[in-house]
Amino acid sequence: MGPEEALASALFDAVGGTGLTCYQVVPQARDGGAAAEFPYVRIGRMVLTEWDTKTETGFDFAVRLHSRWRGGSRTLGQQMQATLFAAIHLQPLSIDNGTLLEIRRESSEIIDLADGEFDGVCEYRGQFELTP
Amino acid sequence: MAELVSIEGMDGVRRALALMGASGRKHSRKMVRGVADAIVEEAKPLIPVREGVLAKSVVARSERDQGGISFAAVKVKEDAYYWRFLEYGSGPDGIEHGFFMRARVKVLADVDRVVMASFMAAIAGDMRRAAGR
């Protein structure tokens, strides 16, 4: 398992552990619309930057978690973001073939979309090192 | 005999700026702005282009100092309000382009070099002005 997959898997497990539905790729219906079960969390854009020392290799990373829901208020999304924060921010996530050094939430916002949908975007940043 | 001064890394730059007084504060503002400029430069080629409005609307701005700390921001002008849909992937193409995210990660991974280059440019400018050129 490569580092990107290992990180995505760790996040998938952490989000799944909260009871929220988690997707890496949102399923599509035959007509091209979303076939996802709302509300859900999507693991979004992930950027890894490699760093090396004499003895260790690791990665700085930034990753976005998108909370998506439909409704008439932001409350559900705020609750989802709080749930993710409790499960991920500064938590010791288990990474295959690596050790997480730190993960913290850097930013959080909610974007209004059409048709009563919302996108709650939380950006997490952190570092992990690979097991030699 | 000329005296050589050695400045290494971010901490060295920070110490040098603190010793430079008002001139240091001015350079500090320029350097923070330099980081924002670098993010803009990295982001622009990553922005999807149709008419080029968004790419032209991304700018770096110096902000007011707060508590003696310099701030700069990357901003998008109002006519490209739709930037967030492209950045976060909720636009019609459904692709999370993440141009700002990718640019920021790249610049911050190399921020020592960006800051040092900006510092050297500022010092070279001071020296040229002092020499009357």
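The values are calculated or read from the model by the stated rules, or taken from the named source; none is laboratory data. Given the structure is predicted, the values throughout are model-derived calculations rather than measurements. So basically every Cβ, Gly included, is an ideal-geometry build from the backbone, and we count neighbours across all protein chains shown.
Worth pointing out:
The rows are residues; the columns are (1) within 14 Å of another protein chain (Cβ to nearest Cβ); (2) under 29 Å from A:GLN127 (Cα atoms); (3) crowded, with 18+ Cβ neighbours inside 10 Å.
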site: B:ALA22; (1), (2), (3): no, no, no
site: B:LYS44; (1), (2), (3): no, yes, no
site: B:PRO92; (1), (2), (3): yes, no, no
site: B:ASP110; (1), (2), (3): yes, yes, no
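- Every residue from the range A:83-101 that is closer than 22 Å to A:HIS66 by Cβ, without any contact (Cβ under 8 Å) to a residue 60 or more places away in the chain and surrounded by 13 or more Cβ atoms within 10 Å (Cβ to Cβ): A:PHE85, A:HIS89
- Among the residues examined, B:GLU87 does not qualify as within 10 Å of chain A (Cβ to nearest Cβ), over 19 Å from B:ARG29 (Cβ atoms), in a loop (DSSP other than H, G, I, E, B) and acidic (Asp, Glu).
- Filter result (more than 13 Å from chain B (Cβ to nearest Cβ), more than 29 Å from A:MET1 (Cα to Cα) and surrounded by 17 or more Cβ atoms within 10 Å (Cβ to Cβ)) within the range A:102-132: none
- Residue check for B:ILE69: more than 10 Å from chain A (Cβ to nearest Cβ), surrounded by 14 or more Cβ atoms within 10 Å (Cβ to Cβ) and of a type in the set (A, V, I, L, M, F, W, C): no
- Once the range B:58-67 is narrowed to residues that are small (Gly, Ala, Ser) and under 18 Å from B:GLY34 (Cα atoms), the residue that is modelled with the highest pLDDT is B:ALA60.
- Test result for B:ASP65, touching a residue at least 12 places away in the same chain (Cβ under 8 Å) and in a helix (DSSP H, G or I): no
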